[in-house]
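**Q** Before I ask anything, let me first share the structure, which is written out below as structure tokens.
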Amino acid sequence: MVSKSILVALVGGITCLDRTLVQAMISRPIVVGPIIGLILDDPYTGLLIGAFVELFWIDRSHIGVSIPPNDTVVAILITGTSIIAGNKLDALSRELVAFSVLLFMPFGILGQKIDIWLIRSNDLAAQQAVEDAKLVNIRGISRKHLFGLLKTFLITTAFIFISLICGIQILSWIYPHIPENIVSALFYVYFFLPVIGVAVALNTIKLRGTIPVFSGIFLIGALIIEIL
């Protein structure tokens with residue numbers, strides 16, 4: 001469990017850098033979910049979770065000074081804890097995935113606060129880089145840039161790792177003791193969550209075209225196939 005959590009945290013830390021560095025879209029939940037699932041030998045579960053998280057916050061874009069909830073971290077945590085805890089319990093069920101979603105969706109806001117703190121903490125380094133530019137100190141600028149990236153990677157990786165370990169323990173301990181009626185409710189929650197995602201996607205169709213709708217259709221279609 002620990003070795004898998006370390007691997008997921010390292011990959012998660014790297015993909016989260018894409019939110020501010022390369023921005024090649026690999027940090028999108030629909031991409032990072034299957035990546036984490038593939039690492040844990042269950043890309044299908046990662047794809048479903050990634051598609052849901054993608055739709056849930058698709059109306060919140062990282063544009064200018066706007067810092068949206070960290071949906072990358074959420075997709076990583078839900079996928080990682082669901083699969084690892086499911087393997088530990090010898091049963092990766094829909095109800096367990098729904099419980100993990102309810103548990104980790106608020107972590108998007110916590111991740112957002114961490115992103116804001118990291119950006120503000122780099123203000124001093126940015127000011128110093130301006131002074132280095134005036135002195136044509138290229139190495140000084142490069143060091144400050146790399147230090148900012150390293151700090152972001154280490155803090156994000158540590159946050160994901162600690163959250164994974166705690167989340168896996170919580171799921172493994174609490175889920176087997178959940179009353180039967182609550183488990184039945186989680187079953188319906190699992191199929192109701194995509195409806196929320198599609199509703200958000202429909203709300204953004206004028207802004208993003210038909211891509212969110214196709215994502216929603218895929219998600220619902222995948223769930224129907226799973227039922228059948």
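Bear in mind these aren't lab numbers, they're just calculated from the coordinates by the rules spelled out. This is a predicted model, so every value here is computed, not measured. All Cβ positions, even for glycine, are placed from backbone atoms using ideal geometry, and neighbour counts span all protein chains on display.
**Q** Highest first, please rank the peptides 10-16, 104-110 by the mean number of other Cβ atoms sitting within 10 Å of their residues.
**A** Listed from highest to lowest mean packing, they are 10-16, 104-110.
**Q** Now for a separate question. Give me the net charge for the shell around residue 23: Cβ to Cβ below 15 angstrom, other residues only, Lys and Arg +1, Asp and Glu -1. Intermediate results must be reported in sequence, preceding the final value.
**A** Values: positive: 19, 28; negative: 18, 71, 115.
In short, -1.
**Q** Let me ask you something else. Measure off 7 Å from each Cα along the Cα-to-Cβ vector at residue 124 and residue 91, then give the distance between these two points in nanometres to one decimal.
**A** 5.3
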